């Protein structure tokens with residue numbers, strides 16, 4: 001079974017494939033520069049990954065893939081990650097609908113980093129209860145980062161919406177860090193209702209209340 005699933009829309013006349021940023025960050029330690037792709041008939045292809053977390057792309061072998069499958073227009077390619085830089089792919093021969101293309105291009109733009117320079121990433125694997133809750137408990141390292149700025153609020157920059165959220169930072173009787181009001185609005189705006197992986201990207205140089213939230217994309 002695939003460990004992570006995402007889609008890339010083959011863009012007409014583009015010589016690269018744009019990789020899902022959340023996936024690239026989540027599996028950075030696992031991913032090599034050479035990826036092995038196998039289609040539903042067992043055909044094997046090798047492509048080159050640029051290993052750039054700011055703008056992850058498939059840069060080598062992408063043009064050859066286009067020629068093999070005769071992709072001359074806008075087509076969806078489904079990637080299922082199975083580990084060790086190996087993927088199962090499904091290529092849909094029918095042309096993508098304009099709405100899907102627009103969403104994909106908008107998502108590429110929305111997933112761009114908020115900051116230049118080094119970044120920190122915190123991972124939270126949401127369960128359905130957390131998606132529907134009024135608050136989100138944060139890992140200790142993420143909470144400590146936010147405490148440095150002494151913020152009362154943070155801004156979550158999601159793919160669909162930016163939401164101002166209240167921070168609940170307590171030291172007594174037990175140290176805890178939570179995202180309070182605004183969290184449920186953020187989840188609702190993005191349709192989170194089941195288990196999902198989230199990447200919280202922040203400025204590594206100094207504590208910042210602007211937080212990019214990344215997750216997988218399918219179109």
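The values are calculated or read from the model by the stated rules, or taken from the named source; none is laboratory data. Bear in mind the structure is a predicted one, so any value in this text is a computation, not a measurement. Methodologically, a virtual Cβ is constructed for each residue, glycine included, from the backbone with ideal geometry; neighbour enumeration extends over all protein chains shown.
Taking the listed residues 114, 136, the one that is free of Cβ contacts under 8 Å to residues at least 60 places away in the same chain, surrounded by 14 or more Cβ atoms within 10 Å (Cβ to Cβ) and over 28 Å from residue 74 (Cα atoms) is 136, with no other qualifying.
No other residue among 77, 59, 68 is in contact (Cβ under 8 Å) with a residue 60 or more places away in the chain and either touching a strand residue (DSSP E or B) at 6+ places or on another chain (Cβ under 9 Å) or buried (at least 16 other Cβ atoms within 10 Å of the Cβ) (or both) apart from 77. Only a single item in (1) part of a strand (DSSP E or B); (2) touching a helix residue (DSSP H, G or I) at 6+ places or on another chain (Cβ under 7 Å); (3) modelled with pLDDT under 90 is not met by residue 7, and it is number (2). For region 192-206, a tally of residues being loosely packed, with under 15 Cβ neighbours inside 10 Å and in contact with a helix residue (DSSP H, G or I) (Cβ under 9 Å, 6 or more places away or on another chain) returns 4. If the condition is being surrounded by 12 or more Cβ atoms within 10 Å (Cβ to Cβ), out of contact with any strand residue (DSSP E or B) (no Cβ under 6 Å at 6 or more places or on another chain) and within 26 Å of residue 28 (Cβ to Cβ), then region 83-106 contributes 103, 105, 106. Within region 135-150, does at least one residue satisfy the condition of being at pLDDT 95 or above, part of a loop (DSSP other than H, G, I, E, B) and touching a helix residue (DSSP H, G or I) at 6+ places or on another chain (Cβ under 9 Å)? Yes, the conditions are met somewhere in region 135-150.
Kindly indicate whether residue 121 is under 16 Å from residue 197 (Cα atoms) and either surrounded by fewer than 13 Cβ atoms within 10 Å (Cβ to Cβ) or touching a residue at least 24 places away in the same chain (Cβ under 8 Å) (or both). Judged against the criteria, residue 121 is a match. Filter region 170-191 for residues that are touching a strand residue (DSSP E or B) at 6+ places or on another chain (Cβ under 7 Å) and buried (at least 16 other Cβ atoms within 10 Å of the Cβ) and give the result. 177, 178, 179, 182, 183, 186, listed by residue number.
One line per residue, one yes/no per condition, for (1) within 16 Å of residue 8 (Cβ to Cβ); (2) in a strand (DSSP E or B); (3) within 19 Å of the chain's Cα centre (by Cα):
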{"site": "79", "(1), (2), (3)": "yes, yes, yes"}
{"site": "99", "(1), (2), (3)": "no, no, no"}
{"site": "106", "(1), (2), (3)": "yes, no, yes"}
{"site": "115", "(1), (2), (3)": "no, no, yes"}
{"site": "122", "(1), (2), (3)": "no, yes, yes"}
{"site": "125", "(1), (2), (3)": "no, yes, yes"}
{"site": "131", "(1), (2), (3)": "no, no, yes"}
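For region 11-34, the tally of residues that are crowded, with 21+ Cβ neighbours inside 10 Å and in contact with a helix residue (DSSP H, G or I) (Cβ under 8 Å, 6 or more places away or on another chain) stands at 1.
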